[in-house]
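Asks: Have a look at this one.
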Amino acid sequence: MISLQSVSKRFGGFAAVDNATFDIAPGEFFSLLGPSGCGKTTLLRMIGGFERQTEGDILIDGEPMGIRPPNRRPTNMVFQSYAIFPHLDIAENIAYGLVNRGLDKASIARKVTQALDMVRLGGLGSRRANQISGGQRQRVALARAIVCEPKVLLLDEPLGALDKKLREEMQIELRQLQKSLGITFIFVTHDQEEALSLSDRIAVMARGKVLQIDTAGALYERPNCREVAGFIGNMNFFEGRIASIAGGIAAVEIAPGQHVRVPASNGAAPGQAAIVAVRPEKIDAVATAPQGAANAIKGRTLAGSYLGDRSLLLTEWREGAPPISVSLQNRKSAVDAEIFTKETILWLTWPVEAGVLLNS
């Protein structure tokens, strides 16, 4: 549905978007994820025609967009502020694009009623914007965007102004709406959990560059660089050098005489500097030295937090090194209570396949 071919946007000598090249499939829920200033909103605005790319081509449904303005593209946009017109009621807000297209009154009324029902605002068409809640305003903005039946819906952090509970409810509604419509959604967010829960695929961005595009599961389990690994969820990093590789397993020396083992990635070779990344929930904590464990590090408890379904443990393993974060499901209450005592000596262990080898 959308093809970006070497698309860049420069403001003077600054590259807000740098050589973005990827495709988005018809009916896909595709998210642009990254910290503030990474270029995700600029990229979205170029797709919608609100910004003109400095270099490259943007095609929508096979047609080059060139310098085509927003009102001549098969897209519609939902802004973070919603941009609801205060002098119009809900039905008039939703009908705005249809009126501009010159549809007859009967067709407009039918389409507005369908859109109101679709976003669960049936019967509220006569209300003003100041008479509805934040969640309802978000639904009005969605209805106004989808009533014109665009091929692509662009959403610029549309849930950012909502409180946590309402945000989570609207995430579910948004995903269900997208599935029922079959429209391609491009969603901008800096919230990693939001992107993981909503998207078919995610593009992680930083400094104007697209670092990795993949499914939520692949990004979480197989990040391709330290930046992606650190931005998606929590991660422990062990820096070292590959000492040996045997049977597809790399032994990485992270301290003199201390090694951790991890599946070797393509191109890995002995002598290379490397980083081993391990998620906190994949590490177990035990009171005695494990026998025959592929990875085992002796540590000392610094702090622990009980969070109901799980507990977080911070452990020092080498002076001067970042502490290891461990997330334990609360299934061993007696053992957990013991290891959370400050200054307790314990062992941290994880299987070989739990780690990811990254370039240093």
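Please treat every number below as a calculation from the coordinates, not as lab data. This one's a predicted model, so the numbers in the text were calculated from it and none came from an experiment. All Cβ positions, glycine included, derive from the backbone under ideal geometry; neighbour counts span all protein chains shown.
Asks: Which pairs break 21 Å Cα to Cα here: Lys165/Lys209; Lys40/Lys209; Lys151/Lys179; Lys111/Lys151; Lys40/Lys282; Lys9/Lys209?
Replies: Lys165/Lys209; Lys40/Lys282
Asks: Can I ask one more? Counting other beta carbons within 10 Å of each residue's own, what order do Tyr96, Tyr220 fall into, fewest first? Mind dumping the intermediate values first?
Replies: Details: Tyr96 15, Tyr220 18.
If I rank by nearby Cβ atoms, fewest first, I get Tyr96, Tyr220.
Asks: Which order, highest average first, do 97-105, 229-237 follow once you tally other Cβ atoms within 10 Å for each residue and take the mean per peptide? Can you show the working numbers first?
Replies: Values: 97-105: 12.7, 229-237: 18.6.
With the highest mean Cβ count within 10 Å placed first, the list reads 229-237, 97-105.
Asks: Now a separate question. Given Gln291, Thr113, Gly135, which one lies farthest toward the positive end of the charge dipole of the chain, if we put +1 on the Cβ of every Lys and Arg and -1 on the Cβ of every Asp and Glu?
Replies: Thr113
Asks: If you fit an axis through the alpha-carbon atoms of helix 164-181 and take the longest principal axis of the Cα set of the chain, what angle between them do you get, 0 to 90°, nearest 10?
Replies: 60
Asks: Of the options Ala25, Val326, Val352, report the single residue whose Cα projects farthest towards the positive end of the charge dipole of the chain (beta-carbon charges: Lys, Arg +1; Asp, Glu -1).
Replies: Result: Ala25.
Asks: What net charge do the residues around Gly160 carry, taking every other residue with its C-beta under 12 Å from that of Gly160, with Lys and Arg at +1 and Asp and Glu at -1? Intermediate results must be reported in sequence, preceding the final value.
Replies: Working: positive: Lys164, Arg167; negative: Asp156, Glu157, Asp163, Asp191, Glu194.
Taking every other residue near Gly160 into account, the sum is -3.
Asks: Same structure again: Rank-order 44-54, 247-257 by packing density, defined as the average count of other C-beta atoms within 10 Å over each peptide's residues, highest first. Write out the running numbers ahead of the final one.
Replies: Details: 44-54: 19.5, 247-257: 14.4.
The densest-packed peptide leads the list: 44-54, 247-257.
Asks: Suppose every K and R has +1 on its Cβ and every D and E has -1 on its Cβ; what is the size of the dipole of the stretch 234-359 about the Cα centre, in Debye to the nearest 20?
Replies: So the magnitude is around 80 debye.
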